[in-house]
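Colleague: Just dropping this structure here.
No value in this document is a laboratory result; all are computed from the given coordinates. All figures in this text were calculated on a predicted structure; none of them were measured in a lab.
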Amino acid sequence: MTRMILTTASALALISSGSALALQTAPAAPVDAPAKKLPDGTTPEERSNTARLNAEQASRAKAETTTYQQEVSAVAQQVAHDQAEFAEETAAYEAEKARVAAMSAEERMKWEADAAACKAGDTTRCAAPAPKPR
């Protein structure tokens, strides 16, 4: 346990001395004249960069908004087309259903009249006898 503590302490000492040495031997960065700060603590360069970034973001947002509006318009047109097509198909279905119902009612009325006439003795209106099964 003691050995581990001493090893850790030695490693930390080496690391910290290396950091100190690196700080001493690092070349000094050229010192430009400090930029004049504005009352809000920013520099003109920072403001310029911020304005440029804001303009870029606004341009991207406008393009995205335009694309989105075009997509919404296309979807609305597709929905209107689909609804019109559905209404047309529904009307055609209802018309066919009414035609079949009228035809069926007409055939039933004819059958009922033939059946009544057959029962009354008019054999010309009787149904043909069913064939005998073999």
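Colleague: What residues have an amide H closer than 5 Å to that of Thr43, excluding those fewer than 5 places away on the same chain, when H is modeled at 1.01 Å from N in the peptide plane?
Modeller: Result for Thr43 returns Leu38.
Colleague: Next question. Using only alpha carbon positions, build the gyration tensor of the stretch 36-134, then give the equivalent ellipsoid semi-axes as the square roots of 5 times its eigenvalues, largest first, whole angstrom.
Modeller: 86, 12, 8
Colleague: Could you run the Karplus curve 6.51 cos²θ - 1.76 cosθ + 1.60 with θ = phi - 60° over the stretch 96-111 and give me ³J(HN,Hα) per residue in whole Hz, x for Gly and Pro?
Modeller: In residue order, the calculated couplings are 5, 4, 5, 4, 5, 5, 5, 4, 5, 5, 5, 5, 5, 4, 5, 5 Hz.
Colleague: Also, quick follow-up: Lysines near Lys132 by alpha-carbon distance under 29 Å, same-chain residues fewer than 8 away left out - which ones?
Modeller: Lys110, Lys119
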